[in-house]
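Participant: Dumping the structure here so I can ask a few things about it.
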Amino acid sequence: MSLADACGTDVENYRRAFGRTIYADSRTAAPETLLALLDCLGLQRHGQAIYLWHQVPDHLPEAEQHQLASRAVPWLHAAGYRVNIAKDIFDEAAYEQAARQAQAQRPDPPRPPVPASHSARAPRSRSRH
């Protein structure tokens, strides 16, 4: 079972304790449209068969990782998905900017701002956006 399954969402964005990687855990057997949207938003797909997840690229500086994760949320909401992002990775300014863009440009999400390159539980303090 994925964290998204356990939380009743389509995507859970979080960082594991003491880790640097930001994960976007989608529900088990998520539709390809959701997975493709996460790809398009700049997250990297990992896993195989029915256990798939996405990650914010690790090579980005920490602030840019938070911005990328936060910018994805409004686009996922606009596509009808239930999303949760942990407070410790949430960037309000990036979220608000993406929310304005998503509202103005529906239905197509923007291209990722960075080129794609190459479990523990989520923190208890999560904020639903």
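The values are calculated or read from the model by the stated rules, or taken from the named source; none is laboratory data. What you see is a predicted model, and the numbers here were worked out from it, not measured in a lab. Note: accessible area is taken over every heavy atom of the protein model, side chains too, but ligands, DNA and RNA are not part of it. Shrake-Rupley method; radii C 1.70, N 1.55, O 1.52, S 1.80 Å.
Participant: Want the number for Gln105 to Glu92: 0.36 nm per residue separation, take away the alpha-carbon distance, what's left?
Facilitator: 2.7 nm
Participant: Let me ask something else. In terms of solvent-accessible area of protein heavy atoms at a 1.4 angstrom probe, what is the ranking of Asp88, Asp10, Asp5, highest value first?
Facilitator: Asp88, Asp5, Asp10
Participant: Determine the per residue accessible area of region 58-106 with all protein chains present and a 1.4 angstrom probe, expressed in square angstrom.
Facilitator: Counting only protein heavy atoms, the per-residue value for region 58-106 is 51 Å².
Participant: What accessible area, in Å² to the nearest ten, does a 1.4 Å probe give for Glu92?
Facilitator: Around 120 Å² of this residue is reachable by solvent.
Participant: If I stretch the segment between His59 and Met1 completely, what's the gain in nm (0.36 nm per residue apart, minus their alpha carbon distance), one decimal?
Facilitator: Gain on extension, His59 to Met1, equals 18.1 nm.
Participant: Further question: In whole Hz, with x marking every Gly and Pro, tabulate ³J(HN,Hα) for region 81-93 from phi via Karplus 6.51 cos²θ - 1.76 cosθ + 1.60, θ = phi - 60°.
Facilitator: Per-residue couplings from phi come out as 9, 8, 10, 10, 10, 5, 4, 6, 10, 7, 10, 4, 4 Hz.
Participant: Ok, one more. Using a 1.4 Å probe, how large is the accessible area of His77, given in Å² and rounded to the nearest 10?
Facilitator: 60 Å²
Participant: I would also like to ask the following. In whole percent, and with a 1.4 Å probe on the protein chains, what portion of the accessible area of region 1-41 is carbon and sulfur?
Facilitator: 59 percent
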